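The structure under discussion appears below in the form of structure tokens.
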Amino acid sequence: MDTSAAPTITAAAPGSFEWNVFHERHPKLIRQVLDSSPYTAAEEAMLQQLLYESTTGVLEPLPETAHDRGEWLAWGQHVYGRPWGEAPFLWSESYFYRRLLDAVGYFGTGAWCGVDPFAPVKNAELTGPEVDQELNAFADLADASEVQQHEALLAAALWGNRADLSFQLQLNAAVADARSGGVLVDDSALLWSALSAQDNPIVCVVADNAGRELLADLVLADSLLSQRLAAEIVLYVKPQPYYVSDATMADVLTVIRRLRTESRPQIGRIGDRLWDAVRSGRLKVRTHKFFCAPLAFHDMPDDLAAEFATATMTVMKGDLNYRRLVGDRYWPATTPFDETVDYFPSPVTALRTLKSEVVVGLTSEQLAELDAAGPGWRTSGAYALIQVRVD
């Protein structure tokens, strides 16, 4: 589908969701980073300068010493020198996170080199009563039927780190209630059919958040492998910290270790199976520099496209991956999902909670009802999509 059919989303309009990301969300994020680690006045000054530039200045290239300067020059050859708000929102938001890592010395030669500024926030999600409740629910699922497990674990992976996740893992009617309440499109039957129809299916999963969401993703991965709905799972994570909570290899290891040390034997066994699956290659964890690029998947390099082409199904997790999958544009919400992803090299499933403006695949009746209820439904996190395109 011609992506130029819909305008590119920017952060130019004061008061828009995208404008508020730069002027309200990012200042809170910077404060969170400074409160979570004992950065010095030098790092704080760099972060404050980034805030000032991204809200009042123009986009400047990375310094000549940056290891990835050439890539970012190629990715942004048409945006440098323009106000941040005039650049595509996907581009400018991604660049903000790349520049944030520079500001805290992540790519430098000092003691902060390689230190994830978001790790305290991500790891905190794996403690507390909410996680205990969810692990109890996961343990209860061990005695459920395969169909019940599929439904409950898919709901957990869909809603991710939503605060009331635990109720979604209950059996029988509760799962149906949870799924019907906020799920605007549910193509899950197509997903299960595609995996069941092929011997030795390969499932690619493009991860989103670390912490509790990654925990749910990995429990689902264990279930798919155990029930032979996947002979091999390829889990793609970010090569570096990104968008605060996005998962890296370090986060995968943290979650698996958390599962392995759990006192409940059903959960400990999940952790052990995942550990063995990584060692044997049944669960492959991969990354690619493109996952931190400021571009849609329409522009993915050939080597990454070739990897996805081997998949029986590619599962795209979360809001950012959805934006990159369909294109971060002002699509009419009734645009068919299949048409926006017809370029993708494998069958694809989007598991996405709505937290940004982009949405496709709705009916005109749904759109009218949602719009009548108020303007914030696209970004509230109260609605979700399970959209599938098969060949």
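Odds and ends about this structure:
- Selected from Gly374, Gly114, Gly327 as most flexible by GNM, with the chain as the system and alpha-carbon contacts under 10 Å: Gly374
- Spin-label proximity, Met46 to the stretch 76-99 - amide N less than 17 Å from point 7 Å beyond Cα toward beta carbon: 95-99
- Label assignment, Rg and Dmax of the Cα atoms in Å derived from the structure, set (1) 21.3, 82; (2) 20.6, 59; (3) 20.2, 63: (2)
- Candidate cross-link partners of Lys284 among the lysines, defined by an alpha-carbon separation under 24 Å and a same-chain spacing of 8 or more, comprise Lys122, Lys238, Lys317.
- Note on Ser193/Leu367: beta-carbon distance plugged into 1/(1 + (r/R0)^6) with R0 of 25 Å gives a FRET efficiency of 0.35.
- Placing unit charges on the Cβ atoms only, positive for Lys and Arg and negative for Asp and Glu, gives the stretch 1-60 a dipole magnitude near 180 debye about its Cα centre.
- Per-residue HN-Hα couplings for the stretch 354-362 [Karplus 6.51, -1.76, 1.60; θ = phi - 60°; Hz; x = Gly/Pro]: 6, 9, 8, 6, 6, 7, 9, x, 8
- Most mobile listed residue (Asp102, Asp319, Asp35) in the chain, GNM with C-alpha springs under 10 Å: Asp35
- Karplus-derived HN-Hα couplings along the stretch 379-391 (A = 6.51, B = -1.76, C = 1.60, θ = phi - 60°), whole Hz, x at Gly and Pro: 10, 7, x, 8, 10, 8, 9, 10, 10, 10, 10, 10, 5
- Dividing the mean sequence gap of close Cα pairs (under 8 Å, 6+ apart) by how many residues the chain holds gives a relative contact order of 17 percent.
- Here the 3J(HN,Hα) profile of the stretch 308-324, calculated from phi with Karplus coefficients 6.51, -1.76 and 1.60 at θ = phi - 60°, is 4, 5, 7, 7, 5, 7, 9, 9, 9, 9, x, 6, 5, 5, 5, 4, 6 Hz, Gly and Pro shown as x.
- Estimated at 0.36 nm per residue, the fully extended path between His288 and Leu34 surpasses their Cα-Cα distance by 88.6 nm.
- Distance from the stretch 352-391 to the stretch 265-335 (C-alpha centre basis), Å: 21 Å
- Angle in degrees between helix 26-36 and the longest Cα principal axis of the chain, rounded to the nearest 10: 70 degrees
- Antiparallel DSSP beta bridges within the chain, percent to nearest 5: 30 percent
- Gyration tensor (alpha-carbon) shape descriptor, the stretch 3-116, a/c threshold 1.5: oblate
- Magnitude of the charge dipole, the chain, Cβ model with Lys/Arg +1 and Asp/Glu -1, debye to 20: 720 debye
- Residues whose placed amide H lies under 5 Å from that of Arg286, excluding near-sequence neighbours: Leu235, Tyr236, Val237
- Think of the chain as a dipole: +1 on every Lys or Arg Cβ, -1 on every Asp or Glu Cβ, centred on the Cα centre; then among Trp377, Ala293, Ala124, Ala124 lies furthest on the positive end.
- Cα-centred dipole magnitude for the stretch 3-116, charges only on beta-carbon of K, R (+1) and D, E (-1), debye, nearest 20: 160 debye
- Between Lys122, Lys317, Lys289, the Gaussian network model of the chain with springs among Cα atoms under 10 angstrom shows the greatest mean-square fluctuation at Lys289.
- Potential lengthening of the chain between Ala124 and Ala66 amounts to 17.8 nm, from the contour at 0.36 nm per residue minus the alpha-carbon distance.
- Which of Ala247, Pro265, Leu47, positive extreme of dipole for the chain (C-beta unit charges): Pro265
Only the coordinates and a few stated rules stand behind these numbers; no lab work does. Fair warning: this is a prediction, and the values are worked out from it, not measured in the lab. Cβ sites come from the backbone with ideal geometry, for glycine too, and all protein chains shown count toward neighbours.
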